[in-house]
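Chemist: Here it is, the structure, as structure tokens.
The values are calculated or read from the model by the stated rules, or taken from the named source; none is laboratory data. For clarity, every value in this text was computed on a predicted model and none was experimentally measured. Virtual Cβ from ideal backbone geometry, glycine too; neighbours counted across all protein chains shown. Ligands, DNA and RNA are stripped out before the accessible areas are found, and what is left, the full protein with its side chains, is counted by its heavy atoms. Shrake-Rupley method; radii C 1.70, N 1.55, O 1.52, S 1.80 Å.
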Amino acid sequence: MKLVKIEPISRLEGEGRILIIVDDSGKVKDVYFEILELKGFEKFCIGRPVEEMPRIVTRICGVCPWAHHMASGKAVDGVFGREPTPTAKKIRELAYCAHQIDSHALHFYFLAAPDLLVSPNASKAERNVIYLFKKHPEIVREIVKHRNYAVKIESMIGGKSIHPVCCVPGGVSKPLDKEKVEKISEMAKELVKFSEKWIDNWERNIFDKYHDLIMSRDKYYLETYYMGLVNRRDNSLNFYDGDIRVVDTKGREVHRFKPSEYLNYISERVEPWTYTKFPYLKKIGWKGFVDGQDSGVYRVGPLARLNVIEKISTEKAQQAYERYLAAGGKPVHFSMFAHWARLIEMLYASERILELTQDEDILSDDVINFDGEYVGEGFGVVEAPRGILYHHYQADENKLVTMANMIVPTTQNNAPLCIDIKKSTINIINGGEITEAALNRIEMAFRAYDPCLACSAHSLPGRLPIKIEIYDANGHLINEFRRD
Amino acid sequence: MIPKQKPRVGIFNLSSCEGCIVQILNLGEKLLDLLKLFNIVDCRVLGVKEDYNKLDIAIIEGCVMSFEEEVKAREIRERSEIVIALGDCAVSGNINFMKDITNKPHKSKPLSEVIKVDHEIPGCPISSEEFYRVLIDILMGKKITKKSITVCSECVLRENNCLLEKGVPCLGPITRGDCNAICPSNNRPCFGCRGLADDANIDALIKAFRDRNIPISQYLIALNQMKHKGGEER
């Protein structure tokens, strides 16, 4: 038996790698995707002032710092027993919508666009943003300009777009003024137009061009449960707040719970070959690395979000959502639909920002609630760009952290990712040679999930540096393949 | 003087959150201008990897956490004319250093402990404007200097209300500025992400904290003892 290792480079908390185990005839026997975990960070937080947590946890990841900032902010609200004021909630949601645009844009345009616009069969040197900029400067300039609108909105509210500082117990640190809100509103209008244009581009060009790949059932396809936040009132899309809803492989609601109840619904499987845990639905149970109605494996992220919701509250995104469902059914099990889902979410986020700028509350000075009794425990749940994110803290009477638990999206997607990669790998390299093209195909399974390897060792944006080592049964290195 | 050929630039990362590299992307259209002036030949985030031997400028994000990273840093140094340490992790070890502050010896090393670094861009994350400025200065052959202004001075210039006077433990008075005092301007105390200012007087800050009954954290005391450069000490 051979052991094929694909090792991406190390990150803040460790490293990630793929282990492919191949038998003597070259058939893929098992595939494991391994990422080292955030435990270091959770320990590191102990003994620190709990109100500083939102500023500390952003350092977990420079690509989605807002997700950690918001989840942490909400958990800290709970610790202090302070419900944020209505204005504070709206300011937070506005900034958070901008972050979804920022992060999705980074992934879709910088990573996926070169593949989709240049051609996935083009040579390595041609599939990157710089090459795209040489070929189509006007397209890249437009993308960069619009993504930076989102970055500007983030900075206006968070002080910095990366590692923001605005969330404080019971609200945000600073109110918004009229001038800023007007600027945000102008940028949101542009973002709505831009997002619509790309959805149109996807529907007319990209989807058709890659129809067979996207709609194939032998790879990039899993029937799993899905988990995500929904608006409490009407099960509509909400990134910032709501109930946690789980639907089954047929799209039926099976669980609905509050953030504080998460431990009743999620268990974590420990495997002997990795430090990483594999969360699964407690009430369904762990049945191994398999998909299907009997397996407690669930997915999170854009694909999952659009599967758990019943509608989108903004007009244009709702229309786009209906066209999406018409193409993929409901629930959508095709992993590659996640790219499409990202575009729809960017449109929703843009429309929602516009809506919030027109809300009278947004200009109020009442941004912090100082009332409330100190509880010492809090739960914060938001939809991070890559899926649902849990932060749970306990603190002592000196307001110092005694326990921190975080469940990040990539960890939750870990089991489905392993299954998806295994399925894809079996189809792609079975018995054959491991070629550059084969590696690209395996990488595509990754990209659909956009796994965050800094939030468990970030592989994105960019190409995955891959190292493969092939060993024979006796553990001797017989071949080496590397791509940085 | 503008060189005849576009300088070849490589952007690398060691142990970090990648936020500083995202800050480079956040330059937006200014980044596209940089692409006209520089030839980026190696950058994972942008998906670029060309064949090259020598680099004119190597930009390294992240601190050295393992032997492999040490080897990588040395390799980059050998083939590069100028090495820039990008962001706090590379400059001081930042959060990686705070994590193993009690380990002896430390597992995490700032870049300058492993290789010769020609210029440091501090901050968690870096300021994209500063990054832009440094690259243009290099291109123009100008001497690069770090501003010695403190966060506190910049905060005063922005006419903010003083957090320290309200009894909030703000590290603005000892922290290197040039960040436009973002945190205190957003009513949040500075926690020193840009490292110590050139003339930081930690003793005076500890006294100021005592006078206002602000608890003194063990990190501040440790910082005073070590005078260790940088880090988000609080």
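Chemist: Assess whether A:LYS74 counts as being open to solvent by 10 Å² or more (accessible area, probe 1.4 Å), touching a Gly at 6+ places or on another chain (Cβ under 8 Å) and in a helix (DSSP H, G or I). Quick ask: steps written out before the conclusion?
Modeler: Values: open to solvent by 10 Å² or more (accessible area, probe 1.4 Å): yes; touching a Gly at 6+ places or on another chain (Cβ under 8 Å): yes; in a helix (DSSP H, G or I): yes.
For A:LYS74, the condition - open to solvent by 10 Å² or more (accessible area, probe 1.4 Å), touching a Gly at 6+ places or on another chain (Cβ under 8 Å) and in a helix (DSSP H, G or I) - is met.
Chemist: Hey, among A:ARG233, A:ARG217, which residue is over 22 Å from the mean Cα position of the chain (by Cα) and under 23 Å from A:PHE334 (Cα atoms)? Lay out the reasoning, then the answer.
Modeler: Numbers: A:ARG233 fails: under 23 Å from A:PHE334 (Cα atoms).
Only one candidate qualifies: A:ARG217.
Chemist: While we're on this one: Given the condition in a helix (DSSP H, G or I), touching a residue at least 60 places away in the same chain (Cβ under 8 Å), within 12 Å of chain A (Cβ to nearest Cβ) and open to solvent by less than 10 Å² (accessible area, probe 1.4 Å), answer yes or no: does some residue in region B:68-89 qualify? Let's see the steps before the verdict.
Modeler: So in region B:68-89, the residues in a helix (DSSP H, G or I) come out as B:68-78, B:87-89.
After this cut, where a residue has to be touching a residue at least 60 places away in the same chain (Cβ under 8 Å) as well, the list is B:72, B:76, B:87-89.
If we keep only those that are within 12 Å of chain A (Cβ to nearest Cβ) as well, we get B:72, B:87-89.
When the remaining residues are screened for being open to solvent by less than 10 Å² (accessible area, probe 1.4 Å), the result is B:87-88.
Yes - at least one qualifying residue is present in region B:68-89.
Chemist: Just checking, how many residues over region B:42-60 are within 9 Å of chain A (Cβ to nearest Cβ) and part of a strand (DSSP E or B)?
Modeler: In the first step, residues of region B:42-60 are kept if they are within 9 Å of chain A (Cβ to nearest Cβ); the result is B:42-50.
If we keep only those that are part of a strand (DSSP E or B) too, we end up with B:42-43, B:48-49.
Qualifying residue count for the region: 4.
Chemist: If you check every pair at least six apart or on different chains, which have Cβ atoms under 6 Å apart with a residue in region A:153-172 that is under 19 Å from B:VAL168 (Cβ atoms) and not assigned by TED's automatic domain parsing to the domain that holds A:GLN100 first and a residue that is open to solvent by 10 Å² or more (accessible area, probe 1.4 Å) and modelled with pLDDT under 95 second?
Modeler: No pair meets every condition.
Chemist: Tally up the residues in region A:174-194 that are open to solvent by less than 10 Å² (accessible area, probe 1.4 Å) and of a type outside the set (A, V, I, L, M, F, W, C), please.
Modeler: The number of residues fulfilling the criteria is 0.
Chemist: Quick one: in region A:108-131, which of the residues that are surrounded by fewer than 19 Cβ atoms within 10 Å (Cβ to Cβ) and within 8 Å of chain B (Cβ to nearest Cβ) is modelled with the highest pLDDT?
Modeler: Among them, the one singled out is A:ALA125.
Chemist: May I pose another question? Among the residues of region A:196-216, is any surrounded by 13 or more Cβ atoms within 10 Å (Cβ to Cβ) and assigned to a strand (DSSP E or B)?
Modeler: No, the conditions are met nowhere in region A:196-216.
Chemist: Does A:PHE194 qualify as being of a type in the set (Phe, Trp, Tyr), over 17 Å from A:HIS99 (Cα atoms) and out of contact with any Asp or Glu (no Cβ under 7 Å at 6 or more places or on another chain)?
Modeler: Working: of a type in the set (Phe, Trp, Tyr): yes; over 17 Å from A:HIS99 (Cα atoms): no; out of contact with any Asp or Glu (no Cβ under 7 Å at 6 or more places or on another chain): yes.
For A:PHE194, the condition - of a type in the set (Phe, Trp, Tyr), over 17 Å from A:HIS99 (Cα atoms) and out of contact with any Asp or Glu (no Cβ under 7 Å at 6 or more places or on another chain) - is not met.
Chemist: How many of the residues making up region A:294-324 are free of Cβ contacts under 8 Å to residues at least 40 places away in the same chain and open to solvent by 10 Å² or more (accessible area, probe 1.4 Å)?
Modeler: 5
Chemist: Separate question: Has region B:27-39 got at least one residue that is facing chain A (nearest Cβ under 7 Å), of a type outside the set (A, V, I, L, M, F, W, C) and either part of a strand (DSSP E or B) or surrounded by fewer than 21 Cβ atoms within 10 Å (Cβ to Cβ) (or both)?
Modeler: Taking every residue of region B:27-39 in turn, at least one turns out to be facing chain A (nearest Cβ under 7 Å), of a type outside the set (A, V, I, L, M, F, W, C) and either part of a strand (DSSP E or B) or surrounded by fewer than 21 Cβ atoms within 10 Å (Cβ to Cβ) (or both).
Chemist: Next question. Quick one: is B:LYS107 within 12 Å of chain A (Cβ to nearest Cβ), outside any helix (DSSP H, G or I) and open to solvent by 10 Å² or more (accessible area, probe 1.4 Å)? Lay out the reasoning, then the answer.
Modeler: Numbers: within 12 Å of chain A (Cβ to nearest Cβ): yes; outside any helix (DSSP H, G or I): yes; open to solvent by 10 Å² or more (accessible area, probe 1.4 Å): yes.
For B:LYS107, the condition - within 12 Å of chain A (Cβ to nearest Cβ), outside any helix (DSSP H, G or I) and open to solvent by 10 Å² or more (accessible area, probe 1.4 Å) - is met.
Chemist: Given the conditions (1) surrounded by fewer than 16 Cβ atoms within 10 Å (Cβ to Cβ); (2) away from chain B (no Cβ under 11 Å); (3) at pLDDT below 95, and given that A:LYS134 satisfies all but one, which numbered condition is not satisfied?
Modeler: A:LYS134 satisfies all of (1) surrounded by fewer than 16 Cβ atoms within 10 Å (Cβ to Cβ); (2) away from chain B (no Cβ under 11 Å); (3) at pLDDT below 95 except (2).
Chemist: Next question, about the same structure. Going through region A:155-170 one residue at a time, which ones are more than 9 Å from chain B (Cβ to nearest Cβ) and surrounded by fewer than 24 Cβ atoms within 10 Å (Cβ to Cβ)?
Modeler: A:MET156, A:GLY170
Chemist: While we're looking at this one, here's another question. Restricting to region A:281-293, and then to whatever is in contact (Cβ under 8 Å) with a residue 12 or more places away in the chain and open to solvent by less than 20 Å² (accessible area, probe 1.4 Å), can you tell me which residue is farthest from A:SER424 (Cα to Cα)? Can you show your working first?
Modeler: Initial filter on region A:281-293 (in contact (Cβ under 8 Å) with a residue 12 or more places away in the chain): A:281-284, A:286, A:289-293.
Those still in the list that are open to solvent by less than 20 Å² (accessible area, probe 1.4 Å) too: A:281, A:292.
Working: A:LEU281: 24, A:GLY292: 17 Å.
Filtering region A:281-293 for residues that are in contact (Cβ under 8 Å) with a residue 12 or more places away in the chain and open to solvent by less than 20 Å² (accessible area, probe 1.4 Å), the one farthest from A:SER424 (Cα to Cα) comes out as A:LEU281.
Chemist: Still on this structure, please answer the following. Anything in region B:18-67 that is free of Cβ contacts under 8 Å to residues at least 60 places away in the same chain and either in contact with a His (Cβ under 9 Å, 6 or more places away or on another chain) or within 17 Å of B:ASN96 (Cα to Cα) (or both)? List them, or say none.
Modeler: B:GLU18, B:ILE60, B:GLU61, B:GLY62, B:CYS63, B:VAL64, B:MET65, B:SER66, B:PHE67
Chemist: Is at least one residue of region B:148-167 within 14 Å of chain A (Cβ to nearest Cβ), closer than 25 Å to B:LEU205 by Cα and modelled with pLDDT under 90?
Modeler: Checking region B:148-167: not a single residue is within 14 Å of chain A (Cβ to nearest Cβ), closer than 25 Å to B:LEU205 by Cα and modelled with pLDDT under 90.
Chemist: Consider A:VAL79 against the criteria (1) of a type outside the set (Ser, Thr, Tyr); (2) assigned to a helix (DSSP H, G or I); (3) out of contact with any Pro (no Cβ under 6 Å at 6 or more places or on another chain); (4) within 13 Å of chain B (Cβ to nearest Cβ): it satisfies all of them except one. Which criterion is unmet?
Modeler: That leaves (4) as the condition not met.
Chemist: Test of understanding: among A:ALA304, A:ALA326, which residue is at pLDDT 95 or above and under 22 Å from the mean Cα position of the chain (by Cα)?
Modeler: Values: A:ALA326 fails: under 22 Å from the mean Cα position of the chain (by Cα).
Among A:ALA304, A:ALA326, only A:ALA304 is at pLDDT 95 or above and under 22 Å from the mean Cα position of the chain (by Cα).
Chemist: The conditions are (1) assigned to a helix (DSSP H, G or I); (2) touching a strand residue (DSSP E or B) at 6+ places or on another chain (Cβ under 6 Å), and A:ASN148 fails exactly one of them. Which is it?
Modeler: Of the numbered conditions (1) assigned to a helix (DSSP H, G or I); (2) touching a strand residue (DSSP E or B) at 6+ places or on another chain (Cβ under 6 Å), the odd one out for A:ASN148 is (2).
Chemist: Among the residues of region B:184-194, how many are under 12 Å from the mean Cα position of the chain (by Cα) and open to solvent by 10 Å² or more (accessible area, probe 1.4 Å)?
Modeler: Taking region B:184-194 as the starting set, the residues that turn out to be under 12 Å from the mean Cα position of the chain (by Cα) are B:192-194.
Keeping just the survivors that are open to solvent by 10 Å² or more (accessible area, probe 1.4 Å) gives B:193-194.
Summing the residues that are under 12 Å from the mean Cα position of the chain (by Cα) and open to solvent by 10 Å² or more (accessible area, probe 1.4 Å) in region B:184-194 gives 2.
Chemist: Quick check, is A:LEU191 assigned to a loop (DSSP other than H, G, I, E, B) and more than 10 Å from chain B (Cβ to nearest Cβ)? Working first, answer last.
Modeler: Values: assigned to a loop (DSSP other than H, G, I, E, B): no; more than 10 Å from chain B (Cβ to nearest Cβ): yes.
When the stated conditions are applied, A:LEU191 does not pass them.
Chemist: Would you be able to say whether some residue in region A:352-374 is in a loop (DSSP other than H, G, I, E, B) and either open to solvent by less than 20 Å² (accessible area, probe 1.4 Å) or touching a His at 6+ places or on another chain (Cβ under 8 Å) (or both)?
Modeler: Of the residues in region A:352-374, the ones in a loop (DSSP other than H, G, I, E, B) are A:358-359, A:364-367, A:369-374.
Okay, now just the ones that are also either open to solvent by less than 20 Å² (accessible area, probe 1.4 Å) or touching a His at 6+ places or on another chain (Cβ under 8 Å) (or both), so A:367.
Yes, region A:352-374 contains at least one residue that is in a loop (DSSP other than H, G, I, E, B) and either open to solvent by less than 20 Å² (accessible area, probe 1.4 Å) or touching a His at 6+ places or on another chain (Cβ under 8 Å) (or both).
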